[in-house]
Amino acid sequence: MRIAGTGGRGDQSLSDQQRGADDQPLPLPSSAWALADSASGSGVYGSSVTGTGFELPPRIHWPRCGPLTSSQLHTLGRRTGELMLNKRILFVALFLFLVVVSVRNAAAQTFSITFNATTLTAQDFSILPVGSGSSGSGSTSIITTLSLLPGTYTFRAPGNSEIFFLFTVTNSGTVDYDSALDGFVSGRGNSTLAVSGFPITFDARTLTSADFSIISESFFSGLASAVTTLRLLPGLYTFKAPGNSEIFFFFTVTNSGTVDFDSALDGFVGGRGSSTLAVSG
């Protein structure tokens, strides 16, 4: 039995006249009719084929494949160019993101820096950042290793004093410092900072006091009856005798390892320009 439809299925050719305008759907092609016939031998256009549940759609929209117009070609080219530009922008943004991440990771990397201050008279030292950064401390009786971020730091000995010098941890994990410190600091270009200080001798044997002290927040003491040598960082100190009194004067240990003091003290203090401070009273 033949399936009823608009026009005979033998007339279902796909001529331009039957297609109609671009926006008109095409009639069902003849192959679909053959499928319906083979399924049940009968059926109705747009109805279920008996016994199969097969339902033919009333119309099928077939896309047209033909030459593109100049306007369509122009639009296609413009959109392709936009796509390529967007890809380039995305690539550049991704590259910059990776650069920023790598820089941040490098900046956040800590390095193991070793401190050898075992020759100092001070009992401890501290490492404090200039600005942001990590910090630490250690005993001068042992070699100490600290994990530090790149940046500028102060080395203080004693740890709670204002006697300090500046050094830098570089981005390659080495230490650097001003060449003016070369007389008592070593280790430039490697990961170990060695701080020796300067040997400063105190001769107070002519004093009646039993002892004296050297103050820089913390204090170092010695017997007035003996010559005493201390290893100190450059900086400003007070000399007190007796050691626990408030009778004192100021003196300075210079970057060249010599002592200096106000000329007003010349009547009872000697040794300016040398490494020995002589106090006669």
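The values are calculated or read from the model by the stated rules, or taken from the named source; none is laboratory data. Everything numeric in this text was worked out from a predicted model, so none of it was measured. So basically every Cβ, Gly included, is an ideal-geometry build from the backbone, and we count neighbours across all protein chains shown.
Out of the residues in the stretch 193-209 that are part of a loop (DSSP other than H, G, I, E, B) and of a type in the set (A, V, I, L, M, F, W, C), state the one that is surrounded by the fewest Cβ atoms within 10 Å (Cβ to Cβ). Top of the filtered list is Leu207. Filtered by the rule that a residue be under 20 Å from the mean Cα position of the chain (by Cα) and farther than 17 Å from Pro129 by Cβ, the stretch 145-173 gives a lone residue, Ser172.
Of the residues making up the stretch 210-224, just one is modelled with pLDDT under 90, more than 18 Å from Gly159 (Cα to Cα) and not in a strand (DSSP E or B), namely Ala224.
If the condition is being part of a loop (DSSP other than H, G, I, E, B) and under 18 Å from Ser112 (Cβ atoms), then the stretch 159-176 contributes Thr170, Asn171, Ser172, Gly173, Thr174. Using beta carbons and a limit of 9 Å, which pairs, at least six apart or on different chains, have the first residue in the stretch 222-241 and farther than 20 Å from Gly281 by Cα and the second one basic (Lys, Arg)? Between residues of the stretch 222-241 that are farther than 20 Å from Gly281 by Cα and residues that are basic (Lys, Arg), the close pairs are Leu233/Arg156. Beta carbons closer than 7 Å, at least 6 apart along the sequence or on distinct chains, pair a first residue in the stretch 243-254 that is within 18 Å of Ile163 (Cα to Cα) and in contact (Cβ under 8 Å) with a residue 40 or more places away in the chain with a second that is in a strand (DSSP E or B) and β-branched (Val, Ile, Thr) for Val253/Ile200; Val253/Val259.
Exactly one residue among Thr229, Thr252, Thr238 is at pLDDT 90 or above, part of a strand (DSSP E or B), β-branched (Val, Ile, Thr) and touching a Phe, Trp or Tyr at 6+ places or on another chain (Cβ under 6 Å), and that residue is Thr238. If you take the residues in the stretch 240-259 that are out of contact with any strand residue (DSSP E or B) (no Cβ under 7 Å at 6 or more places or on another chain) and of a type in the set (Gly, Ala, Ser), which one is nearest to Ser186 (Cα to Cα)? The selected residue is Ser256.
Filtering the stretch 182-192 for residues that are aliphatic (A, V, I, L, M), assigned to a loop (DSSP other than H, G, I, E, B) and surrounded by 16 or more Cβ atoms within 10 Å (Cβ to Cβ) leaves an empty set. Is there a residue being among the aliphatic types (A, V, I, L, M), within 30 Å of the chain's Cα centre (by Cα) and in a loop (DSSP other than H, G, I, E, B) anywhere in the stretch 108-127? Checked against the condition, which is being among the aliphatic types (A, V, I, L, M), within 30 Å of the chain's Cα centre (by Cα) and in a loop (DSSP other than H, G, I, E, B), the stretch 108-127 yields at least one hit.
Look at Ala194 and say whether it is closer than 21 Å to Phe268 by Cβ and in contact (Cβ under 8 Å) with a residue 12 or more places away in the chain. So Ala194 fails the test. Can you tell me which condition Ser179 does not meet? The list is (1) more than 20 Å from Arg231 (Cβ to Cβ); (2) touching a strand residue (DSSP E or B) at 6+ places or on another chain (Cβ under 9 Å), and all the others hold. Of the numbered conditions (1) more than 20 Å from Arg231 (Cβ to Cβ); (2) touching a strand residue (DSSP E or B) at 6+ places or on another chain (Cβ under 9 Å), the odd one out for Ser179 is (2). Taken residue by residue, the stretch 222-232 has no member that is out of contact with any strand residue (DSSP E or B) (no Cβ under 8 Å at 6 or more places or on another chain) and surrounded by 14 or more Cβ atoms within 10 Å (Cβ to Cβ).
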